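Throughout, read-outs are computed from the coordinates displayed, never taken from laboratory work. All of these numbers come straight from a predicted model, not from anything done at the bench. Please note: Cβ atoms are built from the backbone with ideal geometry, for glycine as well, and neighbour counts cover all protein chains shown.
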Amino acid sequence: MTVGVYSVKEWATDTFVDAGAALRSLHEELANSAADVSRNVDGLLSVWHGSTAEAASTQLFTHRDGLDRLSVEVGNLAARLGRSGEELSNARTHVLALVGDAESAGFAVADDGRVSAAARIAALEASGDAVGHGAAEEVRNQCQALTLEIVHALRRADDAVDQVEKDLAAAADAFEGGDTPAALLGSLPSPTGSESIGPAGGYWDVDYSTPLPNDQMPYGPYDTSTIAIDPEAEGNTGPWTAPLSIVEDPANPDAIVATAQTQYRIRVVGATPTDHQVILVDGTNYPATYHEYEYEIQESSRITNHIEPGLDAIYPGAWSDWQPLTYDDIMALQNQYPEDVIYVPR
């Protein structure tokens with residue numbers, strides 16, 4: 001995913017209403033201009049005859065046909081932009097509704113959609129009895145179910161963004177000196193703090209100590225060294241996933257000898273500068289740097305024995321060493337297990 005909860009909250013979906021209205025106005029102006037050409041040609045031919053008049057009328061009709069085609073294209077673009085804006089608005093509403101429900105129920109929601117209730121779980125487990133531990137496990141299950149809903153909603157929002165960006169790119173060409181797609185949307189991404197949330201998988205860092213005289217990014221060289229992040233610090237290592245089946249458990253577990261499952265957990269160990277932009281904050285331009293997180297993954301496998309009827313003995317495998325992976329690798333893993341939650345720190 002390239003969108004998170006925090007960035008979805010900042011989406012300026014009303015912008016599409018204004019852009020669509022501007023395109024519809026342009027569509028009407030073009031249609032009126034084409035009609036004016038037809039009227040002018042009719043009036044001209046009533047008083048002007050001969051080969052020269054015919055040549056002039058042919059050229060004017062060609063111009064009119066061009067205006068007609070452009071009018072239709074702009075009208076179609078206005079309609080497409082309206083549909084895309086509506087889809088984006090619906091996606092935003094759905095994400096915020098799920099987040100609001102989770103927060104109202106006392107859960108915390110991270111930018112990547114992960115839901116937690118650490119204090120509540122700790123309090124329940126502190127009782128030391130079976131009832132408390134059972135209640136804590138129920139809260140964990142609620143967290144996982146809510147996380148799955150929000151992550152899926154964020155994916156739908158991400159798909160909506162992809163379509164809207166295509167429509168905005170076309171819309172920008174229809175405006176004289178047109179706005180860029182990012183300027184029209186205003187939040188893909190729109191860093192507003194010293195460590196603002198950018199696309200998932202990294203963050204924007206705005207250098208407010210270096211105001212710029214214009215909107216041009218200064219020439220490099222830029223620092224490309226990776227910033228080390230302590231994976232042991234709170235929030236930098238995700239929890240283990242639920243057991244993910246490598247071989248699906250059979251309907252009759254006594255029919256085969258064993259099934260295999262694996263679990264993963266991911267940690268962030270660094271951040272590398274990969275992009276530079278200029279942003280405008282309160283009328284002043286500042287340089288901003290996007291840092292892409294450096295991730296590592298650990299795997300733990302287990303085999304479930306089905307040899308004896310009624311026996312489901314578990315033999316856990318050893319944990320693997322931490323291995324590097326990219327954010328695209330994480331998304332591929334999530335796509336491999338679409339119904340399960342892959343926890344991504346930060």
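First measure r as the distance between the Cβ atoms of residue 130 and residue 272, then evaluate 1/(1 + (r/R0)^6) with R0 = 51 Å and state the FRET efficiency to the nearest 0.05.
Computed FRET efficiency for residue 130 and residue 272: 0.60.
Starting with the fewest neighbours, write out 322, 11 ranked by other beta-carbon atoms found within 10 Å of each beta-carbon.
Fewest-to-most ranking of 322, 11: 322, 11.
How high is the FRET efficiency between residue 337 and residue 214 when r is their beta carbon distance and R₀ equals 51 Å, given to the nearest 0.05?
The calculated FRET efficiency here is 0.60.
Mind listing the long-range amide H neighbours of residue 285? Cut-off is under 5 Å, sequence gap 5 or more, other chains count too, H placed in the peptide plane at 1.01 Å from N.
The list, which skips near neighbours in sequence, is 212.
Assuming 0.692 mPa s and 37 °C, estimate D for the stretch 88-157 with Stokes-Einstein, Rh taken as the Kirkwood radius over Cα pairs, in µm²/s.
259
Whose amide H sits under 5 Å from the amide H of residue 341, counting only residues 5 or more places off or on another chain, with H placed in the peptide plane?
Residues meeting the criterion, in which the H sits 1.01 Å from N, are 242.
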